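The block underneath contains the structure these notes are about, expressed in C-alpha cells.
The values are calculated or read from the model by the stated rules, or taken from the named source; none is laboratory data. Keep in mind it's a predicted model, so treat the numbers as computed, not measured. When we count neighbours, we look across all protein chains shown, and the Cβ atoms used for this are built from the backbone with ideal geometry, even at glycine. Accessible surface areas use protein heavy atoms only, side chains included; no ligands, DNA or RNA. Shrake-Rupley method; radii C 1.70, N 1.55, O 1.52, S 1.80 Å.
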Amino acid sequence: PEAIKAYNHGVELQQQGFLNQAIQKYKHALDLDDRIERAHCNLGLIYIAQRNFSKAADSFKKALQLKPNNPFSLNGMG
C-alpha cells in the first residue's frame, strides 16, 4: 500500500519531467518493497535519460530478475 503509493507518485513526477524527485520516490517505494519490478525499470529509464548507464544497467538487471520477459527492461539493457 505505502510502497505502491510512493511508486505511483514517482510515476507522476517522472511524467511531469521531475526526474530527480521521481528517483527519490522510486527508491522510497523500493525501500518499502524491493519487489516492485516497474520501479526498477523506471529507474533504469530515468538513468538512461541522465546518461548514467551503469546505474541504468543495475536497475534493469534487478527488474529482469523479477520479471525476465519485460520488454521495457530488455530493451533498456540493449
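3J(HN,Hα) along the range 45-54, derived from phi through the Karplus expression 6.51 cos²θ - 1.76 cosθ + 1.60 where θ = phi - 60°, amounts to 5, 5, 4, 5, 4, 8, 6, 9, 6, 5 Hz, with x in place of Gly and Pro.
In order along the range 65-71, the phi-based Karplus estimate (6.51 cos²θ - 1.76 cosθ + 1.60, θ = phi - 60°) of 3J(HN,Hα) comes to 5, 7, 9, x, 9, 5, x Hz; Gly and Pro are listed as x. Tally up the carbon and sulfur contribution to the accessible surface of the chain as a whole percent, 1.4 Å probe, everything protein left in place. Carbon with sulfur: 52 percent of the solvent-accessible area. Stokes-Einstein diffusion of the chain at 25 °C, 0.890 mPa s viscosity, Kirkwood radius from Cα pairs, rounded to a whole number: 205 µm²/s. Electrostatic bookkeeping for N20 treats Lys and Arg as +1 and Asp and Glu as -1; over the other residues with beta carbon under 15 Å from its beta carbon, the sum is +3.
What does the accessible area per residue of the range 1-76 come to in Å², with a 1.4 Å probe and no ligands, DNA or RNA counted? Intermediate results must be reported in sequence, preceding the final value.
Details: 4750 Å² over 76 residues.
Value for the range 1-76: 62 Å² per residue.
Between the amide H of D34 and any residue lying 5 or more places away or on another chain, no distance stays under 5 Å, with hydrogens modeled in the peptide plane.
Sort 27-39, 8-20 for me by packing, meaning the mean count of neighbouring Cβ atoms within 10 Å per residue, highest on top.
Numbers: 27-39: 17.3, 8-20: 14.5.
Result, highest mean Cβ count within 10 Å first: 27-39, 8-20.
Show which lysines lie in cross-link reach of K55 when reach means a straight Cα distance below 22 angstrom and same-chain residues fewer than eight apart are skipped. Once the sequence-local lysines are set aside, what remains near K55 is K25, K27, K67.
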